[in-house]
Amino acid sequence: MSNSDVNISRRSFVEKSATAAAALTIAPGMFLHTVAEAKPADQAVSSAVRWGMLIDTAKCASGCTACVSACNTENGIASHDRPRTDQQWIRKVTLRDKQTKHEISLPMLCQHCEKPPCVDVCPTGASFKRDDGIVLVDRHICIGCRYCMMACPYKARSFAHETVDNTVDHQPRGKGTVESCTMCVHRVDEGGTPACVEACSEAEHGAMIFGDIKNPDSEISKQLLKHGGKQIRADLGLNTGVRYRGI
Amino acid sequence: MQQLNKRMHNTLITIAGLAMLAFSAFAFAGEKPSFAPKVPHPTNGSTECVQPEDEMKKNHMNYLLHQRDQTMHEGIRTKTYSLKECINCHVPENSEVRFGDDKHFCSSCHNFTAVSIDCFQCHMDRPMEGKGTQGENPHSAHTTPTANKTTISTDVADTSKSVQDTKEAGNE
Ligand code: SF4
Ligand code: SF4
């Protein structure tokens, strides 16, 4: 990497590398649902499962923000009309190939890395990975130092700068702590599907599949086996749980 | 001067000791001191908490803390000691009363004992719409939540087996 590259913002860095990796042929539309198993409420999550997502950029419609709105509603995230500091768990990113001008649109969220840098840097143990691969912030112990925000290559985390007065009971959030996509862990633990994935299929785009990538019989594993799924910034070796097609 | 300080110190300790004795006399007699806070009880006919009342008074924080860590880190979502369920049962749905107000279930005691907690900087201090259980006995139905209905079931039959297989294969 040349010196001048070092100064570009993380977002454009991610975008550039994703575009560089572009030009994969897209297979015809597939059935994009998968079923999640409900575990008994008193049973701990297990590493026999690894939750992941596969996002097909060919199906992701530019201009559609169904996943973003669904996430905001589900988790009680409200805007303060300050885009630079508003919390954001998922965002839409448009990648444009400079040469061909070809544009693709994709949702960007916590990639639920197998080796999450946010966990490595956290001084308190608040940033952690569950056995089933979901990366979370335990806001009971987060001190709001924001190291994890700096460490995340995907700009996936946000800081709650202001008092949160619109929390929902399944997603307590509060001022002074860091938060990010939880893969709708409250739904997943009850056998459900993340709100964004559900909204995408309800909007009839079906660009997102959710499932257990360790289970070879799950829809997501079958799709991954057949078509592959790229990691954004695969060079970092984080083995992300969120994979993309068509980048 | 030093002598005087020491005397005052001793007097203070004696006074504190006497005060504590007086307080424990109340406790041992099992009588509520007249200045005790009025704790609002659930209006759903439920007369028993998840543990006997005395136990809950003394140790509710330990149950909550234990549950908190289990839920957060291990995804264990049983309802018995969940803060959410305390609120669902003890605070009426659509209640105007907020945490901090003497009439709020948690505040009624916490205000009195001057123990400040920060649970409700994040957690809801009242049931979410449709979740309140003041109308029913919440301790009679601790069932596993049902699966989200929006998923379309494919390959359900074999999943558990293949999950096991995957573990052995160390699929990474
Ligand atoms: S994407 Fe960022 S927040 Fe998510 S696990 Fe990786 S480093 Fe952590
Ligand atoms: S902000 Fe919180 S979760 Fe992030 S590194 Fe600091 S203590 Fe850990």
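Taking the criterion of being surrounded by fewer than 19 Cβ atoms within 10 Å (Cβ to Cβ), away from every other protein chain (no Cβ under 12 Å) and among the basic types (Lys, Arg), would at least one residue in the range A:237-245 satisfy it? No. Of all the residues in the range A:139-188, those that are among the β-branched types (Val, Ile, Thr) and modelled with pLDDT of 95 or more number 7. Only a single criterion out of (1) within 25 Å of A:Gly229 (Cβ to Cβ); (2) in contact with a strand residue (DSSP E or B) (Cβ under 6 Å, 6 or more places away or on another chain); (3) within 12 Å of ligand 2 (Cβ to nearest atom); (4) in contact (Cβ under 8 Å) with a residue 40 or more places away in the chain is not satisfied by A:Val119, namely (4).
Of all the listed residues (A:Cys152, A:Cys71, A:Cys145), the sole one being crowded, with 21+ Cβ neighbours inside 10 Å and within 15 Å of ligand 2 (Cβ to nearest atom) is A:Cys152.
In this structure, B:Asp69 qualifies as surrounded by 12 or more Cβ atoms within 10 Å (Cβ to Cβ), within 14 Å of chain A (Cβ to nearest Cβ) and modelled with pLDDT of 85 or more. Looking at this structure, is A:Thr100 in contact (Cβ under 8 Å) with a residue 40 or more places away in the chain and among the β-branched types (Val, Ile, Thr)? It is false that A:Thr100 is in contact (Cβ under 8 Å) with a residue 40 or more places away in the chain and among the β-branched types (Val, Ile, Thr). Look at (1) within 30 Å of A:His80 (Cα to Cα); (2) touching a residue at least 24 places away in the same chain (Cβ under 8 Å); (3) not basic (Lys, Arg) and you find that A:His186 fails only one, number (2).
Checked against (1) in contact with a strand residue (DSSP E or B) (Cβ under 8 Å, 6 or more places away or on another chain); (2) open to solvent by 10 Å² or more (accessible area, probe 1.4 Å); (3) more than 16 Å from ligand 1 (Cβ to nearest atom), A:Ile220 passes all but condition (2). Taking the stated definitions as given, is A:Thr57 open to solvent by 50 Å² or more (accessible area, probe 1.4 Å), farther than 19 Å from B:Met72 by Cα, in contact (Cβ under 8 Å) with a residue 60 or more places away in the chain and of a type in the set (Val, Ile, Thr)? It is false that A:Thr57 is open to solvent by 50 Å² or more (accessible area, probe 1.4 Å), farther than 19 Å from B:Met72 by Cα, in contact (Cβ under 8 Å) with a residue 60 or more places away in the chain and of a type in the set (Val, Ile, Thr). On the basis of being without any contact (Cβ under 8 Å) to a residue 40 or more places away in the chain and assigned to a helix (DSSP H, G or I), does A:Ser201 make the cut? No. All conditions but one from (1) touching a helix residue (DSSP H, G or I) at 6+ places or on another chain (Cβ under 6 Å); (2) on the phi < 0 side of the Ramachandran plot apply to A:Cys184; the one that does not is (2).
Taking the numbered list (1) β-branched (Val, Ile, Thr); (2) in a helix (DSSP H, G or I); (3) exposed (fewer than 15 other Cβ atoms within 10 Å of the Cβ) in turn, B:Ile87 passes all entries but (3).
Looking only at the range A:160-182, which residues are in contact (Cβ under 8 Å) with a residue 60 or more places away in the chain and among the aliphatic types (A, V, I, L, M)?
Hits for the range A:160-182 are A:Ala160, A:Val164, A:Val168.
Is it the case, given these coordinates, that A:Asp212 is acidic (Asp, Glu) and either within 16 Å of ligand 2 (Cβ to nearest atom) or surrounded by fewer than 20 Cβ atoms within 10 Å (Cβ to Cβ) (or both)? So A:Asp212 fails the test.
Matching residues to (1) away from chain B (no Cβ under 14 Å); (2) within 9 Å of ligand 1 (Cβ to nearest atom):
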| site | (1), (2) |
| --- | --- |
| A:Gln99 | yes, no |
| A:His102 | yes, no |
| A:Ser105 | yes, no |
| A:Cys110 | yes, yes |
| A:Cys118 | yes, yes |
| A:Gly125 | no, no |
| A:Phe128 | no, no |
| A:Val137 | no, yes |
| A:Ile143 | no, no |
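Restricting attention to the range A:34-76, the residues that are within 12 Å of another protein chain (Cβ to nearest Cβ) and on the phi > 0 side of the Ramachandran plot total 1. Scanning the range A:155-175 for residues that are surrounded by fewer than 17 Cβ atoms within 10 Å (Cβ to Cβ), within 15 Å of ligand 2 (Cβ to nearest atom) and within 11 Å of another protein chain (Cβ to nearest Cβ) yields a single hit, A:Lys175.
The values are calculated or read from the model by the stated rules, or taken from the named source; none is laboratory data. This structure is a prediction, so every number in the text was calculated from the model and none was measured. Here Cβ is always computed from backbone atoms with ideal geometry, including for glycine, and neighbour counts include all displayed protein chains. Accessible surface areas use protein heavy atoms only, side chains included; no ligands, DNA or RNA. Shrake-Rupley method; radii C 1.70, N 1.55, O 1.52, S 1.80 Å.
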